[in-house]
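K.L.:
Sharing a structure here in structure tokens format.
The values are calculated or read from the model by the stated rules, or taken from the named source; none is laboratory data. A quick note: this is a predicted structure, and the numbers were derived from the prediction, not measured. Cβ placement follows ideal geometry from the backbone for every residue including glycine, while neighbour counts extend to all protein chains displayed. The area values use the complete protein model at the heavy-atom level, side chains included, leaving out ligands, DNA and RNA. Shrake-Rupley method; radii C 1.70, N 1.55, O 1.52, S 1.80 Å.
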Protein chains: 2
Amino acid sequence: MTERIAFLGIGLMGAPMARNLLQAGFPLAAWNRDSVKAAALKSAGAVSAATPADASRDADIVITMLANGPAVEAVMFGDQGAVTTLRPDALVIDMSSSPPAMARDHAKRLAGRGYLDAPVSGGTIGAAEARLAIMAGGDPASFARAKRLFAALGHATLVGPIGSGQLAKLANQAIVAITIGAVAEALLLAAAGGADPAAVREAIMGGFAESRVLKVHGKRMILRDFTPGGPADHQVKDCETIVATAKASGLTLPFAEQALAMFRGLVAHGGARLDHSALLLELERMNGKKLGPGPETLPA
Amino acid sequence: MTERIAFLGIGLMGAPMARNLLQAGFPLAAWNRDSVKAAALKSAGAVSAATPADASRDADIVITMLANGPAVEAVMFGDQGAVTTLRPDALVIDMSSSPPAMARDHAKRLAGRGYLDAPVSGGTIGAAEARLAIMAGGDPASFARAKRLFAALGHATLVGPIGSGQLAKLANQAIVAITIGAVAEALLLAAAGGADPAAVREAIMGGFAESRVLKVHGKRMILRDFTPGGPADHQVKDCETIVATAKASGLTLPFAEQALAMFRGLVAHGGARLDHSALLLELERMNGKKLGPGPETLPA
């Protein structure tokens, strides 16, 4: 039996994900705060729902793909929220990035219904090409139930009990944030000493410093093209969640705290809507030195 | 004409590099402080020299591959050093990792002879398989002269004027050191919250957090196998050179300074001869929490 899906949140990520589910043959009811976006999926075979409650009434699986934790909270438990019509045998999958503690709280409030937290990495391109990395937390039976659905979206890994998907996403974001800092410092060090940062990046790509961040964000730094991608103010929120989640577990993470401080500096100096690779600009501002010629700088 | 090579420093890296040059058809005189190692290359066709001066007398190109800057200084300019017999048209290539300032100083003292600083990344396996990433600093004519030689050792990139090869190596080492910190923090964060760190590593390998460090050092952390590889005390020296070189250029690099502080902590708590991925143990010690079961810990 192909399970009926309610897809709540038809945004930049949700729209291509919902399309891929429709293409894989899942009947799908779509809801979005801005109803135009949900209606745009009609030609692909979706039913457009007026509220989260309407979308969820007949659903076997409810997927949320929203901007942040508070949005998930409102769509699930708010006025006309999904929970008001949710069937007792339904499975809820939160694919948004929200705090691990919220995942555990929501699972509890769903009173025995299935729950997975399953945030993704890969961006809009990964979503469009069904190549998302899906990090899932929950019990193996719920994960098995979602397996065919996940396969239509990318590659899923069960990483532990409820909350673990969000923890994996935070781990991912922590590595990305800190590695951006590492690449910015390394390239500025080389350039300040007289080396050609573009050639340095090429030369070290083949060695142990190799990473997706060096490849993608390193190139952005060289080209001084900070069109997002992942904007800096989102990175600040991620870093805040990382540091708060660490604290709740009794952990102090010095590199993550450094990343939070520097991304906050970037936002404070006008870089909120630049790509997170613009951390380079904050490092340049702090040091009064630039990686290369080009107009992009933060205010002094 | 195939140029005659003097190879000074037949150690863990130098031995396989010299073998690859012999195999490529370069006549080669080998010198090592411990003469047994140079003699072992005789069967591969090398001439064994008694001193750096002897090795360099007939050489078109002198290569140094030594443990550190002071060793290069002694072998080039010390008693029986290469410079005492060096021909005026010779090219000196320092493939050791030494400070950028030393490269500039040595080039000056060679009084018009050719000079390249060309440190490598890739370790003993890269050396054996002729797959080293070679980061070269110097003028294009000297780089062109070394091109065929470098091709016998790996892939070379000219990254700027003299000193730039060493700057690129420092950039490489900075990224590696900081990314090790990022991976350690990310995995400990996930584990402390209840996720399975091995599954988390698998899940995020496909996304933007992907790196050689996550792949290789992340696996070492999961397995708690800290056999070097790159030992922590070398990493401290690299970080010291990074921070000192930054300072000389008027730069403050917060992530690199954090890496220096934590690697110093690892060494201070007994981890000097562990692989640099053992930074995890220092993070665990600071936090009183472990990533997983296993005997390896630093003293409290």
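K.L.:
Any chance you could check the Cα centroid distance between the stretch A:183-226 and the stretch A:127-164 for me, in angstrom?
P.N.:
33
K.L.:
How much net charge surrounds B:Thr227 when only other residues with a Cβ under 14 Å from its Cβ are counted (Lys, Arg +1; Asp, Glu -1)?
P.N.:
Numbers: positive: B:Lys219, B:Arg220, B:Arg224, B:Arg273; negative: B:Asp225, B:Asp275, B:Glu296.
Its environment carries a net charge of +1.
K.L.:
In nanometres, what is the gap between the two model label sites at A:Lys42 and A:Thr2, each 7 Å from Cα along Cα-to-Cβ?
P.N.:
A separation of 2.1 nm, rounded to one decimal place.
K.L.:
Only Cα pairs within less than 10 Å get springs; with that Gaussian network setup on chain B, which residue of B:Ser211, B:Ser56, B:Ser98 has the largest fluctuation?
P.N.:
So, out of B:Ser211, B:Ser56, B:Ser98, the one fluctuating most is B:Ser211.
K.L.:
Considering Cα pairs under 8 angstrom that are at least six residues apart, work out the relative contact order of chain B and quote it in whole percent.
P.N.:
Details: 556 pairs, mean separation 36.3, N = 300.
Relative contact order for chain B comes out at 12 percent.
K.L.:
Count the DSSP beta bridges whose two residues both fall in the protein assembly as shown, then state the antiparallel fraction as a percent rounded to the nearest 5.
P.N.:
Antiparallel bridges: around 15 percent, rounded to the nearest 5.
K.L.:
Between exposed GluC sites (Glu not before Pro) in chain B, where DSSP calls loop and at most 16 other Cβ atoms lie within 10 Å, what's the longest gap?
P.N.:
On the way: sites that count: B:Glu3, B:Glu129, B:Glu296.
By the stated rule (loop sites, at most 16 other Cβ atoms within 10 Å), B:130-295.
K.L.:
Give me the accessible area of A:Ile125, 1.4 Å probe, in Å² rounded to the nearest 10.
P.N.:
It works out to around 110 Å².
K.L.:
What is the distance in Å between the Cα centroid of the stretch B:2-37 and that of the stretch A:40-69?
P.N.:
The stretch B:2-37 and the stretch A:40-69 have Cα centres separated by 68 Å.
K.L.:
Distances in nm, one decimal, shortest first, from B:Ala151 to the same residue in every other copy, taking the label point 7 angstrom along Cα→Cβ.
P.N.:
In nanometres, ordered from closest: 4.9.
K.L.:
Label B:Met205 and B:Thr227 with points 7 Å out from Cα along Cα→Cβ: what is the distance between them in nm?
P.N.:
Distance between label points: 2.0 nm.
K.L.:
I've got another one for you. Which of these, B:Gly163, B:Gly25, B:Gly207, has the largest mean-square fluctuation under a Gaussian network model of chain B (Cα springs below 10 Å)?
P.N.:
In the Gaussian network model the winner is B:Gly207.
K.L.:
Whose Cβ in chain B comes nearest the axis that rotates B onto A, and by how many Å?
P.N.:
Taking Cβ atoms only, the nearest residue and its distance are B:Ser211, 2.
K.L.:
Using a label point 7 angstrom from Cα along Cα-to-C-beta, what distances in nm, from shortest up, separate A:Glu129 from the other copies?
P.N.:
Between copies, matching label points for A:Glu129 lie 2.5 nm apart.
K.L.:
Quick one: net charge around B:Leu116, please, counting Lys, Arg +1 and Asp, Glu -1 for every other residue with C-beta under 10 Å from its C-beta.
P.N.:
Working: positive: B:Arg145; negative: B:Asp94, B:Asp117, B:Asp139.
The answer is -2.
K.L.:
Let me ask something else. Please report the antiparallel percentage of the DSSP beta bridges confined to chain B, to the nearest 5.
P.N.:
Antiparallel bridges: around 15 percent, rounded to the nearest 5.
K.L.:
Kindly flag which residue pairs out of B:Lys169/B:Lys247; A:Lys215/B:Lys169; A:Lys108/A:Lys237; B:Lys219/B:Lys290; A:Lys108/A:Lys169; A:Lys215/B:Lys215 have an alpha-carbon separation exceeding 19 Å in this structure.
P.N.:
Flagged as over cut-off: A:Lys108/A:Lys237; A:Lys108/A:Lys169.
K.L.:
Let me ask something else about it. How big a patch of accessible area, both sides summed and in Å² to the nearest 100, lies buried between A and B at a 1.4 Å probe?
P.N.:
Separately minus together, A and B give about 5500 Å² buried.
K.L.:
Rounded, prolate or oblate: which fits the protein assembly as shown when a ≥ b ≥ c are the square roots of the eigenvalues of the alpha-carbon gyration tensor, with rounded for a/c under 1.5 and prolate only if a/b beats b/c?
P.N.:
prolate
K.L.:
Per residue of B:151-163, what is the mean number of Cβ atoms on other protein chains within 10 angstrom of that residue's Cβ?
P.N.:
Taking all residues of B:151-163 together, the mean is 4.
K.L.:
How much accessible area per residue does the protein assembly as shown have, in Å², with a 1.4 Å probe? Let's see the in-between values first.
P.N.:
Working: 22540 Å² over 600 residues.
That works out to 38 Å² per residue.
K.L.:
Here's something else I'd like to know. Under a Cβ-Cβ cut-off of 15 Å, what is the net charge of the residues other than B:Lys289 that fall near it, where Lys and Arg count +1 and Asp and Glu count -1?
P.N.:
0
K.L.:
What gaps in nm, shortest first, separate B:Lys219 from its twins in the other copies when you place the label 7 Å past Cα toward the beta carbon?
P.N.:
2.6
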